[in-house]
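The values are calculated or read from the model by the stated rules, or taken from the named source; none is laboratory data. Since this is a predicted model, take the numbers as computed values, not measurements. For neighbour counting, all protein chains shown are included, and Cβ atoms are generated from backbone atoms with ideal geometry for every residue, glycine included.
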Amino acid sequence: METGRDTAGTALRPTPRQEEILDHAMALVRRGGLAAVTTKRLAESVGFTEAALYRHFPSKRALILGMIDRLEAMLLGPIREIAGDETLAVGERLERIVRHHTAIVREHRSLPILLLAEASVSEDEALLARMTAMFSAYLGIVEELVRKGQDRGELVADPEPDCLALLLIGAPAALAIRHRLLPDGEAEQRFSDSLIPFLLRSIRSERTVGRSR
């Protein structure tokens, strides 16, 4: 199936060969962005002919869908685990989520933003629907966690949970844009060392901040 999904829309488990191809595709993206992922370059990287490559991914669209599935596993899998860890305070879980997102951005050269841009400009409904579903799931996880923190008095009551969730997700997304357009390792490190703690301090309630001192 071209999209790598079953009739219910569930992602099919990639074959070992498809996983290998996706590894090479991700490496090409890290070096040169999505524009670097041509069938010719990818086939050369894997050691295939282009015809052999098409037996595993019949189109670039199918390959990008596979990369979106890979991104979802890398990004949302750990985030779901962090969000569900009741041994941690809500603020600490949110900080870990933002740091995980930031690590994905830096390690994979802004892959989430690149795939979102590709889906947006392609006018391909399947690509856009997959990115929309992934973003909706991510936003929902963080929004629910913020709401829980507000209900417990751990986080400030205003603004609304959806706005705070968008702020926390948007900070690493903004870093991704800078990483692509104005790469600066020192600035990215300051983002991790200074801005992330500042963001989380700013949304914790005074009671929680006072208790953590």
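Numbers below:
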quantity	calculated
Among (1) of a type outside the set (D, E); (2) buried (at least 16 other Cβ atoms within 10 Å of the Cβ); (3) modelled with pLDDT of 90 or more; (4) under 22 Å from M131 (Cβ atoms), the one test that L34 misses	(3)
The one condition in (1) surrounded by 19 or more Cβ atoms within 10 Å (Cβ to Cβ); (2) free of Cβ contacts under 8 Å to residues at least 24 places away in the same chain that A73 fails to fulfil	(1)
Residues (in a helix (DSSP H, G or I) and of a type in the set (D, E, K, R)) located in the stretch 89-121	E92, R93, E95, R96, R99, R106, E107, E118
Only listed residue being over 22 Å from A36 (Cβ atoms), crowded, with 19+ Cβ neighbours inside 10 Å and not hydroxyl-bearing (S, T, Y), chosen from L155, L111, L199, L127	L155
Subset tally (residues that are over 16 Å from the mean Cα position of the chain (by Cα), in contact (Cβ under 8 Å) with a residue 40 or more places away in the chain and under 25 Å from S202 (Cβ atoms)) for the stretch 107-156	10
Output for the stretch 162-180, where each listed residue is without any contact (Cβ under 8 Å) to a residue 40 or more places away in the chain and either closer than 13 Å to V105 by Cβ or surrounded by 19 or more Cβ atoms within 10 Å (Cβ to Cβ) (or both)	L164, A165, G170, A174, R178
Any hit, the stretch 81-95, residues being buried (at least 16 other Cβ atoms within 10 Å of the Cβ) and over 30 Å from L155 (Cα atoms)	no
Qualifying residue in the stretch 80-88 (condition: hydroxyl-bearing (S, T, Y), over 24 Å from L22 (Cβ atoms) and not in a helix (DSSP H, G or I))	yes
Pair list, Cβ under 8 Å, 6 or more apart: the stretch 86-99 residue farther than 14 Å from R204 by Cβ, other residue in a helix (DSSP H, G or I) and not aliphatic (A, V, I, L, M)	R99/S192
Test: residue in the stretch 194-205 that is under 25 Å from R70 (Cα atoms), among the hydroxyl-bearing types (S, T, Y), more than 17 Å from the chain's Cα centre (by Cα) and part of a helix (DSSP H, G or I)	no
Sole residue being at pLDDT below 95, among the aliphatic types (A, V, I, L, M) and touching a Lys or Arg at 6+ places or on another chain (Cβ under 7 Å), chosen from I68, I141, I82	I68
